[in-house]
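The values are calculated or read from the model by the stated rules, or taken from the named source; none is laboratory data. Because the structure is a prediction, the values reported are computed rather than measured. Quick reminder, even Gly has a Cβ in these numbers, built from the backbone with ideal geometry, and neighbours come from all protein chains shown. Areas reflect the complete protein model, heavy atoms only, side chains present, ligands, DNA and RNA absent. Shrake-Rupley method; radii C 1.70, N 1.55, O 1.52, S 1.80 Å.
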Amino acid sequence: MNAVSVPSEPEDAATVTELARRALQHWGIRDGEPELLKFRENAVFRVRLPDGQPAAMRVHRLGYHSDAALRSELQWMSFLQSAGVATPSPVATQTGDLFVPVDTGTSAPPRQVDCLSWLEGRAVGARGVPLDYTPEQARQVFTAIGRTIAHMHNVTAAWTPPAGFTRHAWDFDGFFGPAPTWGRFETSPFLEGSRRELVFRARDKAVKALSEHERSARNFGIIHADLVRENVLVHDGAIRIIDFDDCGYGWHMYDLAVARYQNRDEAIYPLIEAALLDGYRQLRGLTAQDIAALPLFSALRAFAFLGWVQSRVEGDITRDVGLRMSNIAADVVIAYLRGE
């Protein structure tokens, strides 16, 4: 399913909060109010389970994933947790379901709701906010992130997904096909004049490069696909990974490209990139071709962002935010075009 093909309804916080309240009973929660933490792709609430433990309840965006795709996400998270990757684990309902459909009692379609175990930790950073690490702290954190990504890739490569497992793909069609995973960037209202021409030339270069790029069990598999600063937590020096909403089949280098994407304007960016790659290499090999392809995969992330932004303007984000994010993404693909 195209992740942006269905409008996100309902849009207001009051409605999704009511959905969360209605969902509490499925986990045996009789007291307490869901606390809204984030309302973007999904609405995320902090709730307290009957045993007193906190949990994250997600009210999913309408039409973002099929039931089979959501079940597959939760199955992969459970596997990773069992394999030593610090991720949330699904909390089943009282009847053993991984998620439930919940409605507001109106004619609106029901929404998928699930619960995940709570992970303590501090996000590595936030979008658009400079990092507050010393160079040595950054080296330690990003080396650990690289190791964690490699560990995820290693254990998943040896995993056999259960029958019925399905996720979208960050493959050629996921970026440049007729229905890209995050939407078509070509219709972006923020690309004009010479910048638009340069972005389209960069697309032609990326299309050729990706169509010729190796795709094998060595470098392609199930990936997180959204390892931005907000989705990587640090707790007692250990790395924890959250928000698997965009996980799917893709090139391993895309995970590394996404992890470095938000950091390219940092003064210590060369240190950050080197630490990421060094940490990854400690557990999983990288070829010279893999390293050479990093600019390509960074450009692919930027193309995906251009599609994501144009599909959400005046919905999830304002035009000003959309323009700023699109300009950043356009700069990345133009740098790729120029070989920078």
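Think of a 1.4 Å ball rolled over the protein heavy atoms: the chain then has 43 Å² of accessible area per residue. For segment 132-238, the list of GluC sites (Glu not before Pro) that fall in a loop by DSSP and count at most 12 other C-beta atoms within 10 angstrom reads 192, 214. Taking all protein chains together, 44, 59 sort by accessible area into 44, 59, largest first [probe 1.4 Å]. Scanning the chain for long hydrophobic helices, with DSSP H runs required to stretch 20 angstrom or more by C-alpha along their axis and to average at least -0.5 on the Kyte-Doolittle scale, returns 67-82, 135-157, 294-310, 319-337. Between 69, 13, 150, the Gaussian network model of the chain with springs among Cα atoms under 10 angstrom shows the greatest mean-square fluctuation at 13. Roughly how many Å is it from the Cα centre of segment 42-112 to that of segment 263-340, as a whole number? Result: 29 Å between the Cα centres. Taking all protein chains as present, what is the carbon and sulfur share of the accessible area of the chain, in % to the nearest whole number, probe 1.4 Å? Of all accessible area on the chain, carbon and sulfur atoms account for 52 percent.
Peptides 156-165, 304-313, 322-331, 231-240 ranked from most to least packed give 304-313, 322-331, 231-240, 156-165, packing being the mean of other C-beta atoms within 10 angstrom over each peptide's residues.
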